[in-house]
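Report on one structure; see the data block that follows.
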Amino acid sequence: MADGFTFSNVRKAAQAIAGYVKAHHSSKKTPPVVVIGHDTRFNSREFASAAAKVLCANGVKVLLTDRDTPTPVISFQVINKKAEGAINITASHNPPEYNGLKFSPYHGGPAAPEVTKEIESRAAKIKGDVSDPAVSELKYPVEIFDPMPEYFARIKNLVNLEVIKKAKLKIVVDVMHGTGRGYLDHILKENGCRVILLNDNLDPLFGGHPPEPAKDNIGKMLREVKRSRADLGLGLDGDADRFGIVDENGRFYTPDEVIALLFKHLIETRPRLAKVARTHSTTTLIDRIAEKYGIEVVETPIGFKYIGEVLMTGKCVIGGEESGGLSIANHVPEKDGILACLLVAEMVAEKGRKLSGILSDIYHEFGRSYPGKLNVKLTDAEKSRLLHMLKNHPPKEIAGVKVLKLDTRDGYKFALADSSWVLIRPSGTEPLIRFHFEAMTSAKQKKLIKYCEGLIHAIRSQVNKVHPQEED
């Protein structure tokens with residue numbers, strides 16, 4: 001914010017989006033409609049209002065949410081209101097100094113590359129600043145609406161709230177100063193749960209860390225679950241599209257584990273569908289479950305837009321990614337952390353067992369996986385050297401195990417002879433190289449970590465020989 005993210009650039013992006021939705025609007029009798037919402041970050045409401053005025057000045061009707069709103073709720077309202085799309089002012093789980101503008105088209109999911117390219121092209125053609133329209137210039141007034149009741153009605157059709165109500169669970173909920181407050185906690189309280197609510201105040205600094213429900217950021221919830229002897233801990237990120245799950249012992253569950261648990265739960269409690277979708281950085285435990293039930297696994301590149309495409313076929317039980325996002329059949333093709341948390345509560349209530357026991361059963365039946373991830377900051381020279389090596393001289397074996405297959409659709413994924421794998425790819429959002437890996441034993445996982453760390457050290461040493469660091 002105050003660098004690339006400014007009111008001037010938000011208005012310019014809004015102008016380009018106005019041009020896009022008008023060009024793709026099929027009806028000549030009615031104007032296009034766009035839903036606009038925002039998160040709890042500094043000035044997000046003001047940025048959303050600025051975008052709304054630009055669209056209204058261009059003859060686009062705007063439905064502006066009455067408060068900060070979860071991303072999945074905005075996504076649902078695009079479909080519910082039959083809108084042309086949505087603008088969401090949010091930086092999701094990223095640090096507090098960032099903000100972003102996200103456009104979702106008519107289906108409510110992430111925009112495809114061809115959509116964003118057209119909007120970027122339109123924005124590039126705008127000369128100078130886009131002025132802040134006066135009220136007299138607006139062709140339609142900005143309409144304020146409450147998106148909450150209709151989303152709650154949708155959740156009632158997706159989640160067995162009655163079984164949650166009968167279980168009377170004690171649940172610690174951490175909304176991380178974000179948009180999920182008044183959503184997840186409200187639904188749980190309305191359905192008989194004893195809720196201990198954390199971080200429900202507005203704080204644009206998010207308590208001093210990114211609003212991401214990763215293990216390192218939810219220490220307060222981990223401690224409170226154990227202190228209060230709660231059945232579960234349920235966390236949401238800043239815009240409530242990602243989830244963080246903690247069991248009765250205060251153990252954090254990886255998104256891989258949660259997706260696998262919910263996949264099996266949905267198979268057992270919902271009509272059987274033909275497919276499950278996961279990104280190729282997500283656990284193959286899902287594949288082993290799918291094999292038992294005769295369900296096709298669709299492996300996609302990283303990015304929920306690819307998962308969303310499979311979900312939109314209507315034949316996919318669940319789609320998820322290891323970064324903490326999932327959705328299910330007959331819902332939005334977008335990550336929904338609120339839904340994920342409620343499904344975990346439903347699963348625990350329906351089985352009448354502790355979450356740790358349910359996971360233990362999964363591992364006993366299908367075997368345990370040991371996934372992991374390293375995020376490494378490299379210089380441009382180091383990054384270039386690494387990618388050049390992977391492209392031109394890929395390893396024939398990793399940690400002493402033969403490479404059976406190399407997938408280069410999104411980075412470099414090496415499938416190994418012992419069913420383990422390693423994926424190396426540049427981040428699409430941060431100046432990082434990401435190393436994803438999965439092994440079938442803890443000992444093998446440690447070997448994969450050692451291999452990745454050794455590769456990083458070797459690349460840095462090679463670059464330093466060519467470009468030696470100057471002494472202070």
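Criterion applied to Asn80, Asn94 was being open to solvent by 10 Å² or more (accessible area, probe 1.4 Å) and at pLDDT 95 or above, and the one residue passing it is Asn80. Out of curiosity, is Val60 touching a residue at least 60 places away in the same chain (Cβ under 8 Å) and closer than 18 Å to Tyr183 by Cα? Here the answer is no, as Val60 does not meet what is asked. Of everything in the stretch 318-346 that is over 21 Å from Glu299 (Cβ atoms) and among the hydrophobic types (A, V, I, L, M, F, W, C), the residue that is modelled with the lowest pLDDT is Val332.
Condition first: β-branched (Val, Ile, Thr) and part of a strand (DSSP E or B). Now tell me which residues in the stretch 258-279 satisfy that. Of everything in the stretch 258-279, those that are β-branched (Val, Ile, Thr) and part of a strand (DSSP E or B) turn out to be Val276, Thr279. Scanning the stretch 277-313 for residues that are closer than 21 Å to Ala111 by Cα, in contact (Cβ under 8 Å) with a residue 24 or more places away in the chain and out of contact with any Asp or Glu (no Cβ under 7 Å at 6 or more places or on another chain) yields Ala277, Gly303, Lys305, Tyr306, Glu309, Val310, Leu311, Met312, Thr313. Candidates are the residues of the stretch 375-417 that are in contact with a strand residue (DSSP E or B) (Cβ under 7 Å, 6 or more places away or on another chain), among the acidic types (Asp, Glu) and open to solvent by less than 60 Å² (accessible area, probe 1.4 Å); the one that is nearest to Glu438 (Cα to Cα) is Asp407. Every condition in (1) open to solvent by 60 Å² or more (accessible area, probe 1.4 Å); (2) of a type outside the set (A, V, I, L, M, F, W, C); (3) touching a residue at least 24 places away in the same chain (Cβ under 8 Å) holds for Lys29 except the one numbered (3).
Scanning the stretch 345-365 for any residue that is open to solvent by less than 70 Å² (accessible area, probe 1.4 Å) and over 30 Å from Lys168 (Cα atoms) turns up nothing. For the stretch 169-228, taking the residues that are of a type in the set (Ser, Thr, Tyr) and touching a residue at least 60 places away in the same chain (Cβ under 8 Å), the one that is farthest from Thr71 (Cα to Cα) is identified as Tyr183. Counting only helices (runs of 4 or more DSSP H) that sit completely within the stretch 32-129, those holding 1 or more residues that are farther than 23 Å from Leu311 by Cβ correspond to 44-57, 113-124.
Scanning the stretch 182-223 for residues that are over 20 Å from Val258 (Cα atoms), among the acidic types (Asp, Glu) and in a loop (DSSP other than H, G, I, E, B) turns up Asp200, Asp203. Each residue in the stretch 284-301 was checked for being closer than 26 Å to Pro113 by Cα and open to solvent by less than 50 Å² (accessible area, probe 1.4 Å), and 4 of them qualify.
Has the stretch 99-112 got any residue that is surrounded by 15 or more Cβ atoms within 10 Å (Cβ to Cβ) and farther than 20 Å from Val332 by Cα? Yes, there is a match, as at least one residue in the stretch 99-112 is surrounded by 15 or more Cβ atoms within 10 Å (Cβ to Cβ) and farther than 20 Å from Val332 by Cα.
Tell me, yes or no, whether the stretch 151-166 has at least one residue that is part of a helix (DSSP H, G or I), touching a His at 6+ places or on another chain (Cβ under 7 Å) and at pLDDT 95 or above. Yes, the stretch 151-166 contains at least one residue that is part of a helix (DSSP H, G or I), touching a His at 6+ places or on another chain (Cβ under 7 Å) and at pLDDT 95 or above.
The values are calculated or read from the model by the stated rules, or taken from the named source; none is laboratory data. Owing to the predicted nature of the structure, the values given are computational and were not obtained by experimental measurement. Ideal geometry is used to build each Cβ from the backbone, glycine not excepted, and the neighbour counts take in all protein chains shown. With ligands, DNA and RNA removed, areas are computed over all heavy atoms of the protein, side chains included. Shrake-Rupley method; radii C 1.70, N 1.55, O 1.52, S 1.80 Å.
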